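Scroll down for the structure; my scribbles are underneath it.
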Amino acid sequence: MPLASNSADCARWMDANALHIAGGAWGAKTSLNTSVFGTEPIAVYVVDSTAPACDWQYVDSVAAGAGHNQAEIDLFCKGPIPLPIWVTPPPQGDKGLALYDLGTGIMREYFLFQPVVGNPGHWTAKTGGYSVAKPSLMDLSETNPGVQLRTGTNAAVGMHNALGFLGIAELIAGHVNHAVAFTCSNMGIGQSWPARAADGLSTDANAPLEGQWFRLPASVDIKKNPRTGKPYNPLTQVIIEAVQRYGGFASDKNLWCHAFNGENGRTWKQLYGKDPWYRDATDGTGKSDGILVQQYGHPVTRAIEVDDFPWHLTEWAPVDWGRPIPDFWLRPWQGTPWTSQT
């Protein structure tokens with residue numbers, strides 16, 4: 001990955017602006033959003049609509065959003081969808097839901113997904129989006145390298161953001177094997193591939209853009225934080241190693257603080273009885289905590305902390321680095337050619 005000419009300035013901006021408002025986020029520059037703490041990230045449900053026992057529910061209304069194709073959204077995101085009957089509505093935040101169908105390869109996304117009062121099995125969403133992959137999502141890196149929505153919108157960048165979240169099974173194994181998407185306190189105005197849109201507000205020339213790639217150099221030692229002389233927090237260590245190898249980018253904005261997002265634990269709870277992010281405040285031993293709290297939680301507080309992520313050490317690629325030529329899905333207002341950044 002080449003470095004932008006202002007990469008070092010971008011890193012300083014990310015560190016200085018980790019808190020959008022001084023003292024916000026209780027002073028933590030970097031937070032962790034999970035299904036039991038913080039602003040709940042997009043909830044992902046993986047289904048197979050070809051399975052005989054597949055449950056079906058209905059989306060009564062969903063908008064494509066300005067500039068997107070409503071007819072396609074009606075075709076792919078409205079009407080019957082393969083959604084388990086035990087799914088509960090996201091309780092807070094953006095109330096986002098992603099539905100990835102292995103049977104057809106249709107990947108649906110919804111924003112403000114809520115049940116219809118008095119009509120069980122029916123839902124509405126403010127906006128939605130979709131893409132179509134091969135069944136079982138095979139060859140996704142070839143058919144949709146930017147994991148972008150074909151049309152419509154859920155989160156601001158127009159991507160399948162949850163694919164960049166910290167996966168539960170990955171964290172149990174101790175390794176995240178993909179690029180890491182994070183929620184930013186703020187970012188610059190504009191977008192960088194693979195983002196198709198963005199909502200950053202900063203006019204500072206050194207504010208990176210949503211979608212802009214970053215990494216951490218291999219020289220960053222997870223066992224020695226240069227600011228404290230101590231090892232980084234356990235989960236921070238895993239994130240650092242993933243960003244060193246695969247990189248990362250901002251995929252949404254919160255005007256609060258930088259934040260990493262954990263895979264929603266509701267499917268895990270349905271299968272195994274407990275959300276892995278669950279922390280039992282009444283049990284000082286930690287024995288009743290969820291499996292990820294037991295693995296990564298502070299020995300005393302049991303909190304999973306990532307507030308020591310080293311934004312000041314990040315390295316930033318040029319805008320649109322990695323964008324394929326020809327681009328699979330052009331931004332509606334942008335044609336070719338553009339500068340190759342392969």
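The values are calculated or read from the model by the stated rules, or taken from the named source; none is laboratory data. Quick caveat: nothing in here was measured; it's all calculated off a predicted structure. Quick reminder, even Gly has a Cβ in these numbers, built from the backbone with ideal geometry, and neighbours come from all protein chains shown.
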Legend entry - Scope the stretch 254-263; condition touching a His at 6+ places or on another chain (Cβ under 9 Å) and on the phi < 0 side of the Ramachandran plot; matching residues: N254, W256, C257
Inset, instruction - Answer with yes or no whether G146 is in the same structural domain as H258 (by TED's automatic domain parsing), surrounded by 20 or more Cβ atoms within 10 Å (Cβ to Cβ) and either touching a residue at least 12 places away in the same chain (Cβ under 8 Å) or under 27 Å from Q114 (Cβ atoms) (or both). - result: no
Inset, instruction - Can you work out which of the residues in the stretch 94-116 that are loosely packed, with under 15 Cβ neighbours inside 10 Å and out of contact with any helix residue (DSSP H, G or I) (no Cβ under 8 Å at 6 or more places or on another chain) is nearest to A63 (Cα to Cα)? - result: Q114
Inset, instruction - Would you confirm whether any residue within the stretch 66-75 is closer than 16 Å to I106 by Cα, charged (D, E, K, R) and not assigned by TED's automatic domain parsing to the domain that holds D307? - result: yes
Legend entry - Residues that are within 13 Å of Y246 (Cα to Cα), assigned to a loop (DSSP other than H, G, I, E, B) and more than 15 Å from the chain's Cα centre (by Cα), drawn from the stretch 196-218: L216, P217, A218
Inset, instruction - Within the stretch 263-312, track down each residue that is among the charged types (D, E, K, R), farther than 20 Å from T30 by Cβ and surrounded by 14 or more Cβ atoms within 10 Å (Cβ to Cβ). - result: R266, K269, K274, D275, D280, D289
Legend entry - Residues (touching a residue at least 60 places away in the same chain (Cβ under 8 Å) and among the acidic types (D, E)) located in the stretch 47-63: D60
Legend entry - the stretch 219-262 - residue that is surrounded by 18 or more Cβ atoms within 10 Å (Cβ to Cβ) and of a type in the set (F, W, Y) and, of those, nearest to R196 (Cα to Cα): F249
Inset, instruction - Considering only the stretch 35-69, state which residues are closer than 17 Å to L112 by Cα and of a type outside the set (G, A, S). - result: T39, E40, P41, I42, V44, Y45, Q57, Y58, V59, D60, V62
Legend entry - Residue check, L166 over 18 Å from C77 (Cβ atoms), crowded, with 24+ Cβ neighbours inside 10 Å and at pLDDT 95 or above: yes
Legend entry - Among residues of the stretch 84-129, those that are within 22 Å of T183 (Cβ to Cβ) and in a strand (DSSP E or B), counted: 15
Legend entry - The lone exception for A207 - which of (1) over 17 Å from W321 (Cβ atoms); (2) surrounded by fewer than 23 Cβ atoms within 10 Å (Cβ to Cβ); (3) assigned by TED's automatic domain parsing to the domain that holds P234; (4) of a type in the set (A, V, I, L, M, F, W, C) it fails: (1)
